[in-house]
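Some notes on the structure that comes next.
The values are calculated or read from the model by the stated rules, or taken from the named source; none is laboratory data. Fair warning: this is a prediction, and the values are worked out from it, not measured in the lab. Ideal geometry is used to build each Cβ from the backbone, glycine not excepted, and the neighbour counts take in all protein chains shown. Just the protein is used for accessible areas: all its heavy atoms, side chains included, with ligands, DNA and RNA removed. Shrake-Rupley method; radii C 1.70, N 1.55, O 1.52, S 1.80 Å.
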Amino acid sequence: MPKTVVIVESPAKAQTIQRFLGKDYDVIASFGHVRDLPESAKEIPAEFKGKPWARLGVNTDEDFQPIYIVPDDKKRRVTELKATAKDAQRILLATDEDREGESISWHILQLLKPKKSVEVQRIVFHEITPEAIKQALAEPRAVDEALVRAQETRRILDRLYGYTLSPLLWKKVAPGLSAGRVQSVAVRLVVMRERERMGFVPASYSGIKATHEVEGTTFGSKLSAVAGQTLADGQDFDHHGQLTNKKVYRLNADEAGPLAPRLQAAAPFTVTKRDEKPGTETPPPPFMTSTLQQEANRKFGFSGDRTMRIAQQLYEGVAMGGERVGLITYMRTDSLTLADRALEQAKAVITDLYGKEYALATPKRYKSKAKNAQEAHEAIRPTDLQRRPQDVKAYLDADQLKIYDLIWKRTLACQMRPAEVMRTRIELEVEEGGRTFTFGTSGKRIQFPGFLRAYVEGTDDPDADLGDRETILPNLKVGDKVAVKSVEMTEHITRPTARYTEATLVRALEEQGIGRPSTYASIISTIQNRGYVFKKGNELVPTWTAFAVIQLLEEWFSELVDLGFTASMEDELDEIAEGDRDAVKQLKAFYFGTQQRPGIDAAVKEKGADIPFPLIPLSEEIRVRIGRNGPFIQRGEGGPGHTCSVPEDLPPADLTLEKAETLLTERAAGPESLGVDHKTGRNVYLKSGRYGAYLEREAGEDGEVKRVTLPPGANASELSEDDLSMLMSFPRLLGDEPGTQFAVTLAIGRYGAYLTAGDRKANVGDWRTAATMTLQEALDALANPQNNRGDEAPAVRGRNPCAPSARLRAWRAK
């Protein structure tokens, strides 16, 4: 009997929706995109091979017609889609409601080629719930051709950009590199930040702090003025270490050191001013894609990719009590809108959990501030706020629970009353040596916690301590004498601008109007996977390869990595989506150029031969270059003793001229012998390479050279000859894994000792302890998921930097 066929993107989504619709519907998955431009020469259809534009996969001679192919890994899926839809009476295209989802639906329709008698409609929904699916079925529409054209233009633009510039980078910088319309701008932002750090000159200044105790309350104060002149702090210095505000008083260590005990001797201090001002702290808005990625990165150290994978699982449905349930709304959005039903439910849940006084009298409706906000969805919220995190905990893994808990709390918080606080500022003075020294201290008391009972937002400031939301000061009044427990000098050095984290880079791209919610996670992953950026802790550090590529693009193709130009292209793509701009004219202008500017094709052809191999100078004589084996330092014209590798994990800003000269000297002097491997009688040397320090045992008669990574935390000069012999025994074959017969090997890498068996790896910590490991112990370690090696940033360790204060916890416990 003919059925209605519903086509979605993922099998998990298909399972959930099939349960809602019943046996009269066949819900099947396309597994994402079914057609794309050819990726390699072998995928180009035979009739187009030999065409001058064939490698692009876009016919630049015929209005930029794309050449679509079905990739080999999708051919079986397309056959299954056609077979299922063959006898359908009605086809419902139910892919995601964004440009990419609209494009997938259009491509599926082009491949299926249904008969004219078959009714084809497009349905969309923001959440996978029975109510949302029922509403979607009641409001079908046609495929939005303007949205499809906009996505197609975006894809073609990206192809023209990447496939035109990337070959140039292979010739001038290194093989295998890539350029991208948004990717290259993201890399440039990271490089620009590192350049700021390279040019930074630190400045030192001093301060004085005092500790007081009044009626059992201990509090601190800091010197803020000397004889009425404000004391200098870090904000008063520029990037070059110069004092920009000439009106402030710069206290140095020579003066502060002797002054501190004299001020203590001059105690007590006198209260000269007390100000109290009521204030409010407003809740953050509900999550959209970028802010969810940022907050998950701050609180859990999750990468954008990891956050979106988890959110997609929660959106598509989780098995609960024998059925799949969608727990959150669609996760790729830049909207801050909440449905009326969600607002009503939030008020009811807040009233039930915290009391009527915590709920807003009228719902607060948020509007996105993101430049070019255009993804017409709701904000990210739970599909049912009655499902508390503790209610679903048994059905979720640890990561899913963290993300669901974050979304649930944030959604409630945005509809709660602001926190009410009382801010206090107290100034104390003391006379010494004929001068008046003013100390200041600030306090904050939470009068009404409001949304803080549900949620505390993270911060990008590494020094912020959100755990202490309150600082309670004693009830002092003007004229009171305050005793001093101690007075100490403090020393400070200005710090360069912080490197980007995933969270702050996403925010920067969003603020500039570059990229879209659905692309941020893939951009961050791409620039790391392509070797342009690596992670140091939570920081994104550009490689020297990134420096070389951005230098080349800035000097020869500046417009293509200009922030304003890239953002304007996003605006133009939005206009295509709205039907206000012609896609072909846009592509012609970009590729072939206009009277005002040359196109990318002509620019690369005209300039390519003249572009030199990039080098990054550290001084007139010393520079960094990119070679076949990675970045290296070169002095003068190079040659023996005048080149050396740059350690892989050394940030560019940390490669000072002095450091470069040291590396060159060490290389010229030859390796340092640490001792003898007594098992072979051969010398063991300490060397440095792209991936850091390593040990090398000199070659024997057979010419074999043995190399082992220096374990993290190990001091090479303190290694005994027994240690050297033990290290030279790595990697060790412990035996075969029963059942699979995979060789179980113990080795040492940059992060310590680790095990391998097939494609599995497990960290096992200290190399000395690991050296005694048995095969069974190794098998147990490989079976323990906590030892699994991965590329994710570590979660925040120790006390949660976003934890509530003790009083806030008490309020929450009521």
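Observations, loosely collected:
- Restricting region 402-413 to residues that are in contact with a Phe, Trp or Tyr (Cβ under 9 Å, 6 or more places away or on another chain) and open to solvent by less than 40 Å² (accessible area, probe 1.4 Å), the residue that is farthest from residue 353 (Cα to Cα): 403
- Within region 285-341, the only residue that satisfies the criterion of being out of contact with any helix residue (DSSP H, G or I) (no Cβ under 9 Å at 6 or more places or on another chain) and part of a helix (DSSP H, G or I) is 340.
- Scanning region 473-485 for residues that are touching a strand residue (DSSP E or B) at 6+ places or on another chain (Cβ under 6 Å) and part of a loop (DSSP other than H, G, I, E, B) yields 473, 474, 476, 478, 480, 484, 485.
- Residue 75 being basic (Lys, Arg), touching a strand residue (DSSP E or B) at 6+ places or on another chain (Cβ under 8 Å) and on the phi < 0 side of the Ramachandran plot: no
- Scanning region 687-710 for residues that are open to solvent by less than 60 Å² (accessible area, probe 1.4 Å), among the hydroxyl-bearing types (Ser, Thr, Tyr) and touching a residue at least 40 places away in the same chain (Cβ under 8 Å) yields one hit, 709.
- Filter result for the condition that a residue is under 28 Å from residue 361 (Cβ atoms), of a type outside the set (A, V, I, L, M, F, W, C), in contact with a Phe, Trp or Tyr (Cβ under 7 Å, 6 or more places away or on another chain) and assigned to a strand (DSSP E or B), over 429, 420: 420
- Matching entry among 67, 91 (being open to solvent by less than 30 Å² (accessible area, probe 1.4 Å) and within 14 Å of residue 37 (Cα to Cα)): 67
- Residue 759, sole failed condition from (1) in contact with a strand residue (DSSP E or B) (Cβ under 9 Å, 6 or more places away or on another chain); (2) at pLDDT below 90: (1)
- Pairs meeting the criteria (first residue in region 476-501 and over 19 Å from residue 243 (Cα atoms), second residue part of a loop (DSSP other than H, G, I, E, B), beta carbons under 6 Å, at least 6 apart or on different chains) are 481/268; 482/268; 483/268; 484/267; 501/538.
- Filtered residues of region 192-222 (kept if among the hydroxyl-bearing types (Ser, Thr, Tyr) and in contact with a strand residue (DSSP E or B) (Cβ under 9 Å, 6 or more places away or on another chain)): 204, 205, 206, 211, 218, 221
- Residues of region 244-270 that are touching a Gly at 6+ places or on another chain (Cβ under 8 Å) and surrounded by 18 or more Cβ atoms within 10 Å (Cβ to Cβ): 251, 256.
- Condition met for residue 523 (in a helix (DSSP H, G or I), under 13 Å from residue 183 (Cα atoms) and among the β-branched types (Val, Ile, Thr)): yes
- Screening 274, 298, 306 for residues that are over 30 Å from residue 449 (Cβ atoms) and surrounded by 13 or more Cβ atoms within 10 Å (Cβ to Cβ) leaves exactly one candidate, 306.
Rundown of residues vs (1) within 25 Å of residue 94 (Cα to Cα); (2) without any contact (Cβ under 8 Å) to a residue 40 or more places away in the chain; (3) among the aromatic types (Phe, Trp, Tyr); (4) part of a strand (DSSP E or B), yes/no style:
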site	(1), (2), (3), (4)
7	yes, no, no, yes
13	yes, no, no, no
17	yes, no, no, no
50	no, yes, no, no
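- Residues within region 596-645 that are over 30 Å from residue 660 (Cβ atoms), free of Cβ contacts under 8 Å to residues at least 40 places away in the same chain and aliphatic (A, V, I, L, M), tallied: 2
- Residue within region 176-193 that is within 26 Å of residue 602 (Cβ to Cβ), among the basic types (Lys, Arg) and at pLDDT 95 or above present: yes
- Residue check for residue 147: within 33 Å of the chain's Cα centre (by Cα), at pLDDT 95 or above and part of a helix (DSSP H, G or I): no
- Some residue of region 580-599 being under 23 Å from residue 545 (Cα atoms), open to solvent by less than 50 Å² (accessible area, probe 1.4 Å) and within 32 Å of the chain's Cα centre (by Cα): no
- Scanning region 317-352 for residues that are among the charged types (D, E, K, R) and open to solvent by less than 20 Å² (accessible area, probe 1.4 Å) yields a total of 1.
- Yes/no for residue 224 being open to solvent by less than 30 Å² (accessible area, probe 1.4 Å) and either assigned to a loop (DSSP other than H, G, I, E, B) or hydroxyl-bearing (Ser, Thr, Tyr) (or both): no
- Qualifying positions in region 243-260 - free of Cβ contacts under 8 Å to residues at least 40 places away in the same chain and not in a strand (DSSP E or B): 244, 245, 246, 247, 248, 254, 258
- As a summary of the residue check, residue 452 satisfies the conditions (1) modelled with pLDDT of 90 or more; (2) closer than 28 Å to residue 269 by Cβ except for the one numbered (2).
- Residue under evaluation residue 599, criteria (1) over 27 Å from residue 505 (Cβ atoms); (2) at pLDDT below 90; (3) touching a helix residue (DSSP H, G or I) at 6+ places or on another chain (Cβ under 8 Å); (4) not charged (D, E, K, R), criterion not met: (2)
- Of the strands (runs of 3 or more DSSP E) that lie entirely inside region 726-777, those containing 2 or more residues that are within 30 Å of residue 536 (Cα to Cα) span 743-749, 752-757, 760-765.
- Subset of region 181-204 that is in a loop (DSSP other than H, G, I, E, B) and not β-branched (Val, Ile, Thr) - its residue that is most open to solvent (accessible area, probe 1.4 Å): 202
- Region 196-235, subset free of Cβ contacts under 8 Å to residues at least 24 places away in the same chain and not small (Gly, Ala, Ser), residue nearest to residue 654 (Cα to Cα): 235
- Residue check, residue 232 of a type outside the set (D, E, K, R), under 30 Å from residue 197 (Cβ atoms) and over 36 Å from the mean Cα position of the chain (by Cα): no
- Identity of the residue in region 55-114, within 17 Å of residue 25 (Cβ to Cβ), of a type in the set (Gly, Ala, Ser) and not in a helix (DSSP H, G or I), that ends up nearest to the chain's Cα centre (by Cα): 94
Yes/no per residue for (1) at pLDDT 95 or above; (2) within 28 Å of residue 160 (Cα to Cα); (3) assigned to a loop (DSSP other than H, G, I, E, B):
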position: 548; (1), (2), (3): yes, yes, no
position: 560; (1), (2), (3): no, yes, no
position: 572; (1), (2), (3): no, yes, no
position: 581; (1), (2), (3): no, yes, yes
position: 595; (1), (2), (3): no, yes, yes
position: 605; (1), (2), (3): no, yes, no
position: 612; (1), (2), (3): no, yes, yes
position: 638; (1), (2), (3): no, no, yes
